[in-house]
Amino acid sequence: MKDNFDFDNLLIGNPLDEDAEFIPLLSSDDEEQINAEETPDELPILPLRNTVLFPGVVIPITVGRDKSIKLIKEAHKGNKTLGVVAQMNDSVEDPEEHDLYKVGTIAYILKMLRMPDGNTTVIIQGKKRFRIKRVTQQEPYLKAKIEAFDQVIKPAGKSFDALVSSIKDLASQIIEQSPTIPTEATFAIKNIESPTFLINFIASNMKADVENKQALLETPELIERATSLLEHLTNELQLLELKNDIQSKVRSDLDRQQREYFLNQQIKQIQEELGGDPQQQEVEEFVKKAKKKKWPKAIAKRFDKELLKFQRLNPQAAEYSVQLNYLETLVELPWNETTKDNFDLKRAQRILDRDHFGLEKVKERIMEYLAVLKLKGDMKSPILCLYGPPGVGKTSLGKSIADALGRKYVRMSLGGLRDEAEVRGHRKTYIGAMPGRVIQNIKKADSSNPVFVLDEIDKLGNSFQGDPSSALLEVLDPEQNEHFYDNFLEVDYDLSKVLFIATANSLSTIQPALRDRMEIIEINGYTVEEKIEIANRHLLPKLLKNHGLKNTDLKLGKKVIEKIITDYTRESGVRLLEKKLAKLVRNKAKQIAMEELDTPQPGVDDLVKILGPGHSKDKYQGNDVAGVVTGLAWTAVGGDILFIESSISKGKGKLTLTGNLGDVMKESAVIALAYLKSHSDLLGLEPGVFDKWDVHIHVPEGATPKDGPSAGTTMLTSLASVFTQKKVKNKLAMTGEITLRGRVLPVGGIKEKILAAKRAEIKEVILSEDNRKDIEDIKPDYLKGLTFHYVKNMLEVIDLALTDQKVKGAIKVA
């Protein structure tokens, strides 16, 4: 319903339709005919929100609820009669009996229209009032038993005629005073003959809430209803006159801009009387901060222009907050403000060694950068990418580097970031626009040369909102980032002095162009010995401090820590180790809190009680079975060993591969078998033997997906062993890619694989000759107890791996 009288309800049909028709106002004869109609015993009930239907009145309603649509359709097909009742609370979506008023109006459907937006609009006319006795049906729509709610017999007399005349006059005055109601509505009111319909018509269209209209509907005595209506109309007319009076007093000949200027001047005058203009105070604060800035002339010019624009803005305008935010960002950014680098190289080396054990390559690169910076005085910062498994200290290394250089430190997590605006910012045309997170973090650091860690750069996402990894191309390009353009700033900002350090677990998911801009430094996993040192130097002291214990409260021996590492963790880093140590520290804290002071320090035998049973580590499993060979693999959490198992059975040469293998790994098996077939004479096998035996190759732990070419030599050795029934050399492992012509190619992840071999108590390792340089790059401490064999072709692998001894219970292969 409209706020005031809604005489448009008289129109039936779509106003844009050429076939629109008009329903004449209810006459006295029509009213008598309606009153003579019998009230049915039961009716479908249509609940209405924000509307009360009066007898004789025609209103359009838009039907949206599923129950209501079903009711309307069925009623329209039938006798087109239904009961209309107002809801007590319009927020109830599925009203029940207790949500409805008891008195409603029987309605007749005049017309049903399908609107362009898909909604259904129904034109209904009120007939007579009824009272709900009880609801008899809830689904698919409400139905209720009803009884007639007749009004008291219409009285005659001069007083009633005067009352009706007053209502007509007041309604006409309201129509004249209101600018929103057409004057033609006066004719409609004057042409209504029936007093009852006049009262119902005006009550239906007056400006009142549902509760007041329902009260009028439920008033059985006509004079009482007319008196209540007169009171409502009198109040409405008084409010309308008061509103028009206020508008006439403040009306002036000034145009819109002059009027706003005049009012702003008045507001300023009032604010000065009360203690100053807040906007002017903001401007003065900006000017004060701007004088201290070392920004370029172009930025200063831009600031002055934007400040002038800000002064002209009305504080109530939507652009005001955006402009205020923009100016605040400009003056708070550290333009050409840098912290002084500490060039004490020995101190920097001490800090790096203090905070992190190992990681020599990274430390060496930082020391090189500091040395060049000390000699040259100014240089573009490198873009470093620390790449390695989780928990090896990539992120925490950023803080140590900042401490060593004497710079500010900021960190930006990129995991799951998929909106380009997060990097470049939003344009100022948007309400609530903000600069990108790069500029926000520079502002937070309050320095133009912080150490800026871009964490988890390999986990960037992308969506319809843009590709943030492409936006980072400009940030991480030393040739471009001195003119970094943020959409919110709309000016260039120099990022060339920022030392960006990105971290990643995998390089494969980083966009090639982005990877090319960064200097990749691989951080490998730690050996058991290194982990023991890290636990004693860093993890345990930190955990004791965090749990409120003294260093003397808990002391763990080297064998205890080694047992935790080997039996309770399976990782390249130390994150899980820290959790296990934290469990020991908490156990000790509980003992101290419970005053169990005579409890001894935990030993190796106590670990099962505190940490539970450990997992069995991957160890070499012997060489008693033909076709079982130990391979070396790389995983996201470091190196590991895997076993390639081959078996043969009488058949027609069919090859079966199991163990959740990827395409590349399957191809390695096919290549290995093809090579053996073509060189069977070198193994002392008949060429036709491969057509008489089916081959099955399996890699255990079938739930784990496996792929990559590095198991090629292992598969070759496994097949050679199973066909010759010879034992594989004891405590031997291997890794390498193979080709059809017999070459052994190099593979990656050598350090992690070597560490896995040591953990599994392997003594000899076969590698490609081209991997020799990788071994030479590893610290000699890691290589103790290992013998390496470097090969160029696959026959060398077989010669080194197979012994002359047959396995027990060897099958006769012929």
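The values are calculated or read from the model by the stated rules, or taken from the named source; none is laboratory data. Predicted, not measured: the structure shown is a model, and the values here were computed from it. So basically every Cβ, Gly included, is an ideal-geometry build from the backbone, and we count neighbours across all protein chains shown. Quick note on the areas: whole protein, heavy atoms, side chains included, nothing else; ligands and nucleic acids left out. Shrake-Rupley method; radii C 1.70, N 1.55, O 1.52, S 1.80 Å.
So the values come out like this:
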read-out: Cα-centre dipole for the range 361-506 with unit charges at Cβ (Lys and Arg positive, Asp and Glu negative), debye to 20; value: 560 debye
read-out: The range 491-640 shape via C-alpha gyration tensor axes, a/c threshold 1.5; value: oblate
read-out: Cβ crowding within 10 Å averaged over residues, with 608-614, 750-756 ranked highest first; value: 750-756, 608-614
read-out: Residues Asp446 and Lys346, FRET efficiency given R0 of 35 Å [Cβ-Cβ distance, rounded to 0.05]; value: 0.80
read-out: Cα-projected label distance for His679 with Gln805, points at 7 Å along beta-carbon direction, nm; value: 2.5 nm
read-out: Overall Cα dimensions of the chain, principal axis frame, Å, largest first; value: 130, 80, 68
read-out: The range 641-669 and the range 410-426: distance between their alpha carbon centers, rounded to Å; value: 45 Å
read-out: Computed label-point distance, nm, for sites Ser159 and Lys70 using a 7 Å Cα→Cβ extension; value: 5.2 nm
read-out: FRET efficiency estimate (nearest 0.05) - Cβ-Cβ, Glu184 to Gln151, R0 22 angstrom; value: 0.15
read-out: For the range 101-125 and the range 214-246, distance of Cα centres in Å; value: 27 Å
read-out: Per-residue SASA entry for Lys555, accessible area with 1.4 Å probe, Å² rounded to 10; value: 130 Å²
read-out: Order by protection proxy (mean Cβ within 10 Å, highest first), peptides 169-182, 729-742; value: 729-742, 169-182
read-out: Environment charge of Ser396, counting only residues whose C-beta is closer than 15 Å and scoring Lys/Arg +1, Asp/Glu -1; value: +2
read-out: Degrees between helix 318-332 axis and first principal axis of the chain (Cα, 0 to 90, nearest 10); value: 30 degrees
read-out: Surrounding net charge for Pro687, when Lys and Arg each add one and Asp and Glu each subtract one, Cβ distance under 12 Å; value: -1
read-out: 28 Å Cα-Cα reach of Lys294 towards lysines, excluding residues that sit fewer than 8 places from it in its own chain; value: Lys305, Lys309, Lys340, Lys374, Lys376, Lys380, Lys399, Lys408, Lys428, Lys443, Lys444, Lys497
read-out: Stokes-Einstein D (µm²/s) once Rh is taken as the Kirkwood radius of the range 373-475 over alpha-carbon pairs, at 20 °C in 1.002 mPa s; value: 141 µm²/s
read-out: Reach of Lys133 by Cα under 19 Å, taken over lysines that are not fewer than 8 positions away in the same chain; value: Lys102, Lys143, Lys145
read-out: Charge context of Tyr409, other residues only, Cβ under 13 angstrom, K/R +1, D/E -1; value: +1
read-out: Distance in nm between pseudo-label sites at Asn551 and Tyr261 (7 Å out along the Cβ direction from Cα); value: 7.6 nm
read-out: Nearest 10 degrees, 0 to 90: helix 394-405 Cα axis against the chain principal axis; value: 80 degrees
read-out: Sparse-neighbourhood loop sites, GluC sites (Glu not before Pro) in the range 61-150 - DSSP loop, at most 12 other Cβ within 10 angstrom; value: Glu93, Glu96
read-out: DSSP beta bridge pairing in the chain, given as percent antiparallel to the nearest 5; value: 60 percent
read-out: Apportionment of accessible area to carbon and sulfur, the chain, percent (1.4 Å); value: 50 percent
read-out: The chain, relative contact order [Cα under 8 Å, separation at least 6], %; value: 7 percent
read-out: Backbone HN-Hα couplings from phi across the range 77-93 [Karplus 6.51/-1.76/1.60, Hz, Gly and Pro as x]; value: 6, x, 8, 6, 10, 8, x, 10, 10, 7, 7, 6, 10, 6, 7, 6, 7
read-out: Cβ crowding within 10 Å averaged over residues, with 291-301, 224-234 ranked highest first; value: 224-234, 291-301
read-out: For Gly639, distant residues with modelled amide H under 5 Å away; value: Ala756
read-out: Centre separation in Å (Cα based) which lies between the range 73-100 and the range 295-330; value: 56 Å
read-out: Helix 256-274 axis, angle to the chain major axis (alpha carbon atoms, nearest 10°); value: 70 degrees
